[in-house]
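Engineer: The structure's right below; bear with me while I get my questions together.
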Amino acid sequence: MTRIAVIADPHIGVEKPTFVGNWTKAVAHTNARAPALTIILGDLTFDGANAEADCAFAAEAIRALESPCLILPGNHDVGDTERDSEQPTDAERLARWRRHFGEDHWLSDAVPGWRLIGLDSQSLATGLPDEATQWTFLERALETDRRVLVFLHQPLFLEAWDEADRPGWTVRPAARARLRALLGRGGVDAVFTAHMHRAWTRLADGEPTLVWVPATSFLTRDASMPPQQGTAITGITLLDLTPSGLSIAFDPVPGLETFYIEDFNGTLYPAPAR
Ligand SMILES: [Fe+2]
Ligand SMILES: [Fe+2]
């Protein structure tokens, strides 16, 4: 059995270190679970999309994880897919990410029988050259006899595959359809996403299981969120893999402080569009 820990949405930084205490507890808890590998599923930094110092802080902080680590960016790390955002994903932000954390997408065959594929959700539907590179990478990465798990920061949808565009919340419809077609060809067991700060598992015949993993940092109140699935819990997620099986467990971290982002009245992040 090989154990993977997934840590999502730590949101740690220098100028606004509100969530660093929860990160420290999540790291200690993860180390105690002794995973063979830890995946960080984006929004690692508080504001790495704008602040070099937050990237440097987070790059140092992840050294406290005792297992090898694979890292993916989220919107707060490299920017938003929407081109009219105040902080769009762009060449400068992606270059900063790569300087501190390496490539924004990857694959790993480290677990016997499995291929892990990590994608940068924040380049999807942007038209950036990085997006085209990643599509080519994904098509090749899926050509394998191994069973596949896919990881990316933003969820594929909130309620249904065919829902309308939800800017800022999900992979955008054109990229969603392309991902659905690629990932539905068979071989992909599950797709893990973060960003919602909620836990949810969607099982459907003939489709990959979709898993929203909980954040370690903060929760959000229903009133500021669009309609969606999921349970408001914080913690990490454990994946136990054998060559023929996968078990998934949400794993609350004892002692995490419960924060609701709305209680900061916009002093940490502006309220998102519902
Ligand atoms: Fe987040
Ligand atoms: Fe996010």
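Engineer: Taking interchain pairs and intrachain pairs at least six residues apart, which have beta carbon atoms under 6 angstrom, with the first residue in the range 226-253 and without any contact (Cβ under 8 Å) to a residue 12 or more places away in the chain and the second open to solvent by less than 50 Å² (accessible area, probe 1.4 Å)?
Structural biologist: Listed pairs, sorted by first residue: Ser247/Asp240.
Engineer: Looking at the range 129-155, which of its residues are assigned to a loop (DSSP other than H, G, I, E, B), surrounded by fewer than 20 Cβ atoms within 10 Å (Cβ to Cβ) and touching a helix residue (DSSP H, G or I) at 6+ places or on another chain (Cβ under 9 Å)?
Structural biologist: Within the range 129-155, the first condition is being assigned to a loop (DSSP other than H, G, I, E, B), and the residues that meet it are 142-146, 152-155.
Remaining after also requiring surrounded by fewer than 20 Cβ atoms within 10 Å (Cβ to Cβ): 142-146.
Leu142 - this is the single residue of the range 129-155 that is assigned to a loop (DSSP other than H, G, I, E, B), surrounded by fewer than 20 Cβ atoms within 10 Å (Cβ to Cβ) and touching a helix residue (DSSP H, G or I) at 6+ places or on another chain (Cβ under 9 Å).
Engineer: Here are the criteria: (1) in contact with a Pro (Cβ under 9 Å, 6 or more places away or on another chain); (2) within 16 Å of ligand 1 (Cβ to nearest atom); (3) in a strand (DSSP E or B). Tell me which single one Phe192 does not satisfy.
Structural biologist: Against the list (1) in contact with a Pro (Cβ under 9 Å, 6 or more places away or on another chain); (2) within 16 Å of ligand 1 (Cβ to nearest atom); (3) in a strand (DSSP E or B), Phe192 comes up short only on (1).
Engineer: Mind listing just one residue for me: the one in the range 1-22 that is in a strand (DSSP E or B) and within 12 Å of ligand 1 (Cβ to nearest atom) and, of those, surrounded by the most Cβ atoms within 10 Å (Cβ to Cβ)?
Structural biologist: Ranking the candidates gives Ala8 first.
Engineer: Same structure again: Say we look at the range 23-45 and pick out the residues that are within 16 Å of ligand 2 (Cβ to nearest atom) and touching a residue at least 60 places away in the same chain (Cβ under 8 Å); which of these is surrounded by the most Cβ atoms within 10 Å (Cβ to Cβ)? Write out each step before concluding.
Structural biologist: Of the range 23-45, the ones within 16 Å of ligand 2 (Cβ to nearest atom) are 23, 39-45.
If we keep only those that are touching a residue at least 60 places away in the same chain (Cβ under 8 Å) too, we end up with 23, 39, 41-43.
Numbers: Trp23: 22, Ile39: 28, Leu41: 27, Gly42: 30, Asp43: 28.
The extreme case among them is Gly42.
Engineer: Tell me, please, whether a residue that is in contact with a strand residue (DSSP E or B) (Cβ under 6 Å, 6 or more places away or on another chain) and within 16 Å of ligand 2 (Cβ to nearest atom) can be found in the range 103-116.
Structural biologist: No: the range 103-116 contains no residue that is in contact with a strand residue (DSSP E or B) (Cβ under 6 Å, 6 or more places away or on another chain) and within 16 Å of ligand 2 (Cβ to nearest atom).
Engineer: Give all pairs with beta carbons closer than 7 Å in which a residue from the range 68-92 that is at positive phi meets a residue that is crowded, with 23+ Cβ neighbours inside 10 Å and not hydroxyl-bearing (Ser, Thr, Tyr); count only pairs at least 6 apart in sequence or on separate chains.
Structural biologist: Filtered contacts from the range 68-92: Gly79/Ala49; Gly79/Gln122.
Engineer: Quick check: is even one residue across the range 43-50 away from ligand 1 (no atom under 16 Å from the Cβ), charged (D, E, K, R), at pLDDT 95 or above and under 22 Å from Ala190 (Cβ atoms)?
Structural biologist: So in the range 43-50, the residues away from ligand 1 (no atom under 16 Å from the Cβ) come out as none.
No, the range 43-50 has no match at all.
Engineer: Let me ask another. So, in the range 105-140, exactly how many residues are charged (D, E, K, R) and touching a Ser or Thr at 6+ places or on another chain (Cβ under 7 Å)? Reasoning before the result, please.
Structural biologist: Taking the range 105-140 and keeping what is charged (D, E, K, R), we get 109, 115, 120, 130-131, 139-140.
Retained after the next criterion (residues that are touching a Ser or Thr at 6+ places or on another chain (Cβ under 7 Å)): 115, 130-131.
The total comes to 3.
Engineer: Could you name every one of the strands (runs of 3 or more DSSP E) located completely within the range 198-262 that has at least 2 residues being over 16 Å from Thr38 (Cβ atoms)?
Structural biologist: Output list reads 200-202, 209-212, 245-251.
Engineer: Picking from Thr170, Thr126, which residue would you name as being within 26 Å of Gly235 (Cα to Cα), of a type in the set (Ser, Thr, Tyr), outside any strand (DSSP E or B) and open to solvent by less than 40 Å² (accessible area, probe 1.4 Å)?
Structural biologist: None of the others qualify; the one that does is Thr170.
Engineer: Right, next: Go over the candidates Ala110, Ala64 one by one and state the one that is hydrophobic (A, V, I, L, M, F, W, C), within 24 Å of Val191 (Cα to Cα) and open to solvent by 40 Å² or more (accessible area, probe 1.4 Å).
Structural biologist: Numbers: Ala64 fails: within 24 Å of Val191 (Cα to Cα).
None of the other options fit; the residue is Ala110.
Engineer: So, in the range 184-196, how many residues would count as being open to solvent by 10 Å² or more (accessible area, probe 1.4 Å), at pLDDT 95 or above and of a type outside the set (Val, Ile, Thr)? Talk me through it step by step, then tell me what you get.
Structural biologist: Looking only at the range 184-196, we keep the residues that are open to solvent by 10 Å² or more (accessible area, probe 1.4 Å), and these are 184-189, 195.
Subsequent filtering for residues that are at pLDDT 95 or above retains 188-189, 195.
Checking the rest, the ones that are also of a type outside the set (Val, Ile, Thr) come to 189, 195.
Total meeting the criteria: 2.
Engineer: Scan the range 213-228 and give yes if some residue there is over 23 Å from Thr18 (Cβ atoms) and crowded, with 17+ Cβ neighbours inside 10 Å, otherwise no.
Structural biologist: There is at least one residue in the range 213-228 that is over 23 Å from Thr18 (Cβ atoms) and crowded, with 17+ Cβ neighbours inside 10 Å.
The values are calculated or read from the model by the stated rules, or taken from the named source; none is laboratory data. Keep in mind it's a predicted model, so treat the numbers as computed, not measured. Virtual Cβ from ideal backbone geometry, glycine too; neighbours counted across all protein chains shown. Surface accessibility is based on the protein's heavy atoms, side chains included, excluding ligands, DNA and RNA. Shrake-Rupley method; radii C 1.70, N 1.55, O 1.52, S 1.80 Å.
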